[in-house]
Structures are given as structure tokens and as C-alpha cells.
Amino acid sequence: VVALGAWTVALLSPVPHQSAQRVLGGAFWVFVFGKGLHVSAYAFLAVVGATLPSRGWNAAWVLVGLIVHGGVTEFFQQFVGRTASFRDAGLDALGVALGGLAVAAWRAARQWRRGQQVPPREERVAG
């Protein structure tokens, strides 16, 4: 929740483009950094959200909620001196999808390893 709150504040804060260009080396690198940040932040949030212990809710709802969050924050950016972008909302959704796929792959690998474990020696001898 703290990470999502911090990310929301960052998305709804003005970006100092001139300082960012100086630090990152130009407009192209500001663009690359910004778009990469959209994907990686939402992938991180998806991994964290989908691996939280659930109490009767499905992790898929966390992923859907993050996609909605991406769209809503993009919409509100137009009111804080930034531009709303369908491309950024799409990159947010891509990050959520990548994070969700990473969690699904991790869970599948963990389940597969459990099925591949060799039984204790006593069970092998007795059987």
C-alpha cells in the first residue's frame, strides 16, 4: 500500500524536464527512462500485490485494480501540469501483465518442484 501511494504521488507530481534532461543526457533518455519506469513500477507493484497473503480474494483482482489505477492516474495527470497518455496507460498495463506472468511462472515452478521431490529414504525402501 505504501509503494502504491508513493507511486501515485510521483505520477501526479510535475516533472522538472530541464533538470531531468541534464541528469539523463537529453530528451531521448528522459523518454526512455520515463517509459521504462512506467513498466517496471507497475511490474513491481503487480509482483508485490499478487504475492500478498490473500484472505478470500483472488490475486487477479489486484492486477485488474493496478490496470485501473494506471488509467485513472493518467487521466488525472492532465490536471497537474502533465499530459495524459494512452501510451503510458498501455505501458502501465504491460508492466502489470509482466509482473503477473512472473508471479504465475514462479508459482508454476514452485509447484513443479514440489511434484519432483524425491521421497525420504524410508519411503523408497519400504515401497
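Tabulated values for the structure
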item: Candidate set from the range 46-64 (those that are surrounded by 14 or more Cβ atoms within 10 Å (Cβ to Cβ) and either among the basic types (Lys, Arg) or over 12 Å from LEU94 (Cα atoms) (or both)); member that is nearest to the chain's Cα centre (by Cα); result: VAL47
item: Residue in the range 67-76 that is within 11 Å of the chain's Cα centre (by Cα), aliphatic (A, V, I, L, M) and open to solvent by 60 Å² or more (accessible area, probe 1.4 Å) present; result: yes
item: Total residues in the range 45-79, condition under 19 Å from PHE31 (Cα atoms) and either outside any helix (DSSP H, G or I) or charged (D, E, K, R) (or both); result: 2
item: Members of the range 1-43 found to be in a helix (DSSP H, G or I), more than 24 Å from LEU98 (Cβ to Cβ) and of a type outside the set (Gly, Ala, Ser), listed by number; result: HIS17, GLN18, GLN21, ARG22, VAL23
item: Residue match in the range 106-124 (condition: surrounded by 11 or more Cβ atoms within 10 Å (Cβ to Cβ), modelled with pLDDT under 90 and within 24 Å of PHE44 (Cα to Cα)); result: yes
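The values are calculated or read from the model by the stated rules, or taken from the named source; none is laboratory data. Since the model is a prediction, treat every value here as computed from it, not as a measurement. Reconstructed Cβ throughout: ideal geometry from the backbone, glycine too, with neighbour counts over all protein chains shown. The accessibility values were calculated without ligands, DNA or RNA, using every heavy atom of the protein model including side chains. Shrake-Rupley method; radii C 1.70, N 1.55, O 1.52, S 1.80 Å.
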